[in-house]
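Reviewing the structure listed below.
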Amino acid sequence: SLQSPMHLALYQPDIAQNTGTILRLCACLGVTAHITEPAGFPVSDRAFRRAGMDYLDQVTLRRHASWAAFEDWRRAERLRLALFTTRATNSYLDHRYGDDVLLFGRESSGVPDEVHAAADVRLTIPMKSGLRSLNVAMAAAMAVGEALRQTRGQQ
């Protein structure tokens, strides 16, 4: 079975299509998804529903009313926070994944300093210099793929 203890969290996502795509990824790979509110679109958004297609009924999704609520949940679960950010120097390929929540920020602005500071580890996807960032759904797929590659069979 693909069920894993893997968690992927989105910090106040603001692009409906990307969020739908990421939730579809989580549904297909058995990864629990988390959304830290407020999201920048309603869940009734057409683009969000279209990107998620009929997979939205299959995803394990937890919504957290605020960053503080998310952090309370994470600490209670004793999970490490792995923030994916262009402001990191550690490659996501060098991280040893385990009981992690993979956190991705907003497309428009990433995460605020308090969220950056709360991360146990900050990871980046190495890219050609001069280019800013990958699409968040692409970054999430790469991160989840590597994390599952490392942890599959550890359950």
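The values are calculated or read from the model by the stated rules, or taken from the named source; none is laboratory data. Keep in mind that this is a model prediction, so the values were computed, not measured. Cβ coordinates were reconstructed from backbone atoms using ideal geometry, including for glycine residues, and neighbour counts include every protein chain displayed. Remember, those area values only see protein heavy atoms, side chains included, never the ligands or the DNA or RNA. Shrake-Rupley method; radii C 1.70, N 1.55, O 1.52, S 1.80 Å.
Look at (1) at pLDDT below 95; (2) open to solvent by 70 Å² or more (accessible area, probe 1.4 Å); (3) of a type in the set (A, V, I, L, M, F, W, C); (4) part of a helix (DSSP H, G or I) and you find that residue 117 fails only one, number (1).
Looking at the structure I just gave you, is residue 53 open to solvent by 90 Å² or more (accessible area, probe 1.4 Å) and among the hydrophobic types (A, V, I, L, M, F, W, C)? In short, yes.
Number of residues in segment 84-119 that are of a type in the set (Lys, Arg) and in contact with a strand residue (DSSP E or B) (Cβ under 8 Å, 6 or more places away or on another chain) equals 2.
Filtered by the rule that a residue be open to solvent by 80 Å² or more (accessible area, probe 1.4 Å) and among the acidic types (Asp, Glu), segment 120-155 gives a lone residue, 120.
Residues in segment 1-45 that are surrounded by fewer than 21 Cβ atoms within 10 Å (Cβ to Cβ), modelled with pLDDT of 80 or more, under 14 Å from the mean Cα position of the chain (by Cα) and not hydrophobic (A, V, I, L, M, F, W, C): 12, 14, 24, 30, 32, 37.
Restricting the first member to segment 20-34 and to residues that are among the aromatic types (Phe, Trp, Tyr), and the second to residues that are open to solvent by 10 Å² or more (accessible area, probe 1.4 Å), no beta-carbon pair is closer than 9 Å while six or more apart or on different chains.
The residue list 84, 48 contains one member that is more than 13 Å from residue 147 (Cβ to Cβ) and buried (at least 17 other Cβ atoms within 10 Å of the Cβ), which is 48. All conditions in (1) closer than 16 Å to residue 141 by Cα; (2) open to solvent by 30 Å² or more (accessible area, probe 1.4 Å) hold for residue 72, with the sole exception of (1). Of the numbered criteria (1) over 19 Å from residue 5 (Cβ atoms); (2) in contact with a strand residue (DSSP E or B) (Cβ under 9 Å, 6 or more places away or on another chain); (3) surrounded by 14 or more Cβ atoms within 10 Å (Cβ to Cβ), the one residue 60 fails is (1).
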